[in-house]
Amino acid sequence: MGALVLVDVLGLAGIGLVAGVVSTVVSLASIVSYPALLALGLPPLAANVTNTVALLFTGVGAAAGSRPELADQGRLIGRLGFAAALGGAAGAGLLLVTPSRMFEMVAPLLVAGASLLLLLRPPRPGQVGLGGESGLRLRLGVFCVAVYTGYFGAAGGIIMFAVLAAALDRPAARVNAVKNVISALANAVAAVGFAVFGPVDWGAVGPLAAGFLVGGWLGPAVARRLPGQTLRLAAALCGLAVAVKLGVDAYRGG
């Protein structure tokens with residue numbers, strides 16, 4: 001893509017702002033920002049890695065805006081964050097060395113399954129085989145979702161939120177804050193790999209990242225004003241819509 005003109009810069013910043021809010025509330029930033037990068041002329045791979053690098057700033061903003069929800073959760077984030085970082089690195093490596101067709105085919109099923117899980121009456125933590133917040137299986141689940149996030153990423157936050165909500169006995173806003181931080185760690189590790197080895201468009205990263213930073217900071221204020229069930233329902237319905245769209249794209253003529 002050639003040099004950005006002022007209208008492109010302002011447009012990307014505005015798109016990043018909206019996507020940052022959407023990311024921290026219902027985990028669908030890429031549904032807003034990725035098509036915008038394609039519309040500016042970036043090839044799909046370049047748009048994907050550029051979007052991932054810029055998304056790092058959503059996590060920074062979300063962490064700053066979620067301080068009340070993150071209070072007393074540092075130990076949990078440390079345990080799960082390490083698993084998320086490892087998964088993000090593995091997913092980024094897979095993206096750079098393999099075709100994405102396999103994950104494109106599986107992604108609709110993963111997103112739909114996670115969304116349906118959110119629509120169900122939340123089970124008591126530990127009743128879904130994740131072993132509660134200290135369980136090894138929860139960390140393995142976080143690792144697997146982070147691999148998906150680093151590799152393909154569409155609605156990965158919804159899958160992460162569903163996994164955490166099934167294991168953590170905490171209000172939805174606090175679960176959402178943990179999701180934002182550990183998803184950001186997975187994105188950060190993937191972003192480092194893409195920055196070194198991927199076709200990142202740095203001209204687009206700047207304004208998009210600025211919007212993500214502000215939107216990520218504003219998003220938690222929106223999330224904490226939503227009742228817990230409303231937050232779960234919004235994420236689930238958005239996720240099902242994305243699953244249908246991904247399914248149509250993946251299986252049409254496939």
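The values are calculated or read from the model by the stated rules, or taken from the named source; none is laboratory data. Remember, predicted model here, so these are calculated numbers, not experimental data. Please note: Cβ atoms are built from the backbone with ideal geometry, for glycine as well, and neighbour counts cover all protein chains shown. We work out accessible area using only protein heavy atoms, side chains counted, and drop any ligands, DNA or RNA first. Shrake-Rupley method; radii C 1.70, N 1.55, O 1.52, S 1.80 Å.
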> In debye, nearest 20: dipole of the chain around its Cα centre with unit charges on the Cβ of K, R (+) and D, E (-)?
Replying inline: 740
> Could you give the Stokes-Einstein D for the chain in µm² per second, using the C-alpha Kirkwood radius, 37 °C, 0.692 mPa s?
Replying inline: 185
> Using the alpha-carbon atoms, what tilt in degrees (0 to 90, nearest 10) does helix 44-65 show relative to the longest principal axis of the chain?
Replying inline: 50
> Can you give the calculated 222 nm mean residue ellipticity of the chain, where each DSSP H run of n ≥ 4 adds -39,500 (n - 2.57) and the sum is split over every residue, rounded to the nearest 500 deg cm²/dmol?
Replying inline: -27000 deg cm²/dmol
> With N residues in segment 1-63, what two-decimal value do you get for its Cα radius of gyration over 2.2 N^0.38 Å?
Replying inline: 1.07
> Counting only heavy atoms of protein chains, what accessible area per residue, in Å², does segment 63-122 have with a probe of 1.4 Å?
Replying inline: 53
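Carbon and sulfur: what percent of segment 189-241's accessible surface (1.4 Å probe)?
For segment 189-241, the apolar C and S fraction of the accessible surface comes to 76 percent.
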> Expressed as an acute angle from 0 to 90° and rounded to the nearest 10, what is the orientation of the C-alpha long axis of helix 172-197 relative to the principal long axis of the chain?
Replying inline: 40
>> If you fit an axis through the alpha-carbon atoms of helix 202-224 and take the longest principal axis of the Cα set of the chain, what angle between them do you get, 0 to 90°, nearest 10?
In response: 30
